[in-house]
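The values are calculated or read from the model by the stated rules, or taken from the named source; none is laboratory data. Here the structure is a predicted model, which is why all the values come from computation and not from measurement. Note that we place each Cβ from the backbone using ideal geometry, even for glycine, and neighbour counts take in every protein chain shown. Surface accessibility is based on the protein's heavy atoms, side chains included, excluding ligands, DNA and RNA. Shrake-Rupley method; radii C 1.70, N 1.55, O 1.52, S 1.80 Å.
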Amino acid sequence: MEIRALAPDEADAVRDIRARAFGPLPDEVWARRSRMVRQAAEAGRQFAGLDGGTVVATGALLDMTQWWHGRAVSAAGVSAITVAPEERGRGLGRRLMADLLERCADLGHPLAMLYPATTRLYRSLGWEHAGAWHHVDLSTEALRTIAAERVPVRRAGPGDAAEVAAVVGRAHRTARDCGPVGWPEARWRVYLDGPDAYHYLAEDGFLSYQWAEGNTGLEVARLVASSERTLRALWAIVGSGSSTAESVRACVSPMDPVLWLPRERESEAVQRSQWMLRVVDAPAAIAARGYPDGVAAGVPMEIDDPQRPANSGHWRLEIKDGEGRLERSAPDAGAVRLGPRGLSALYCGIPVSTLRRVGLVQGGDADALTAVFAATPFSLDYF
């Protein structure tokens, strides 16, 4: 199998294999999705595995950032990994993923994120479960009763892509969020041009929703705000649909402020779709991430990463004043030992006690690392 980047005029070559892997793609659906495929191909980020000129595997590396404690870290969004049904069982998926992992490094991404169709394959290459895409069902009537002032809000479209990206980014930075994705302006432009979705922009907030369930419910894809005033105002817009929509299915973080706004809160139906993270360049990932104020640590580490040998070896992790460094060091008998899965999970805030009990962290005194990497990772995007 030859793996190479597809040219923009080859974008339609992935339609058939995607349909065979994920289901039929009507023309109107493909018309929307193909814009993203061509965008990735134009950036040299849409890849295919070919056997005798036939596309037998595909995958894309989306250009994005991921917020970690208020800092945007360059990341690759590994998307639409497919293998032709008749070619499965030959190890093509693993070959493609191993190739894409190296391309992540070549493109300068210290992190790679994906939504797994199968955990086993991705774990074998160093990815580990990190966070989730959360949806919660809310009462529209409960949202209607949220006290809110009027704030200047306007409808947003493709021409507002740069401002939307900036407003959303500021909201994640201000909240010191962990996990949500930041997109380039070009991708926001396509998103804001989608059919049947409604977008509203305030000075420090953004709302995106659509009707669902035969127009008897609402789905909030994203609602972020940097201030209480704007947060209340945007949720009030959603709640104003209570005369038609009984419920709202909202994509939110596990600690989203909206969960503390309604007058009543008893039980919630929550759906989680897990995503996985891979630390591609360990020193760069540590340096780019944000850390809690007032937390410091100096820990010797020994990393064994067969797929990314540049990460392997003896290191010293230093965290102080919200900054992190991972520097080469001499061997230390008291080093904390971990592989790429343990490192990726630790980076995402999985407690050391959990990682020890599943064998992903061993040796040394690693207790301080739980506070250093503390996070509740989430995403507001599926790709």
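Points to keep in mind about this one:
- Considering all different alpha carbon pairs of the range 7-61, the Kirkwood hydrodynamic radius works out to 11.3 Å.
- Rounded to whole numbers, the Karplus 3J(HN,Hα) couplings from phi for the range 75-81 are 8, 9, x, 7, 10, 6, 6 Hz, using 6.51 cos²θ - 1.76 cosθ + 1.60 with θ = phi - 60°, and x at Gly and Pro.
- Per-atom-type breakdown for the range 66-146 gives carbon and sulfur 46% of the accessible area (1.4 Å probe, protein chains only).
- Mean-position separation - Cα centroids, the range 361-383 and the range 7-75, in angstrom: 30
- The chain, accessible area per residue, ligands and nucleic acids excluded (1.4 Å, Å²): 45
- At q = 0.10, 0.19, 0.20 Å⁻¹, base-10 log of I(q)/I(0) for the range 210-355 (Debye sum, equal scatterers on each alpha carbon): -0.57, -1.10, -1.18
- The translational diffusion coefficient of the range 42-87, from Stokes-Einstein at 20 °C and 1.002 mPa s with a Kirkwood hydrodynamic radius over alpha carbon pairs, comes to 174 µm²/s.
- Label-point separation, LEU121 to ARG32 (7 Å along Cα→Cβ), nm: 2.5
- Short to long, the 5 Å bins of the Cα pair-distance histogram for the range 129-228 hold 2, 11, 19, 23, 22, 16, 6, 1, 0 percent of all pairs.
- Isotropically averaged projected area of the range 280-383, using the convex hull of Cα atoms (one quarter of hull area), nm²: 7.0
- Relative contact order, percent, the chain [alpha-carbon distance under 8 Å, six or more residues apart]: 19
- Ellipticity at 222 nm from helices only: DSSP H runs of n ≥ 4 in the chain, each -39500 (n - 2.57), divided by the residue count, give -8500 deg cm²/dmol.
- Note: the range 88-150, Cα convex hull, 178 Å³ per residue.
- Surface share of carbon and sulfur [accessible, 1.4 angstrom probe, percent] for the range 323-381: 52
- The range 63-124 - convex hull of the alpha-carbon atoms, volume per residue in Å³: 93
- Mean projection of the Cα convex hull over all viewing directions, computed for the chain: 20.0 nm².
- Peptide packing: for 146-154, 353-361, the average count of neighbouring Cβ atoms within 10 Å per residue gives the ranking 353-361, 146-154, highest mean first.
- Table column - 3J(HN,Hα) (Hz), the range 260-274, Karplus curve with 6.51, -1.76, 1.60, x for Gly and Pro: 10, 8, x, 5, 10, 8, 10, 9, 9, 9, 10, 10, 10, 10, 6
- Per atom type, the range 150-197 shows carbon and sulfur on 48% of its accessible surface, probed at 1.4 Å.
- Förster radius 22 Å - calculated FRET efficiency between GLU228 and GLU318 (Cβ-Cβ, nearest 0.05): 0.05
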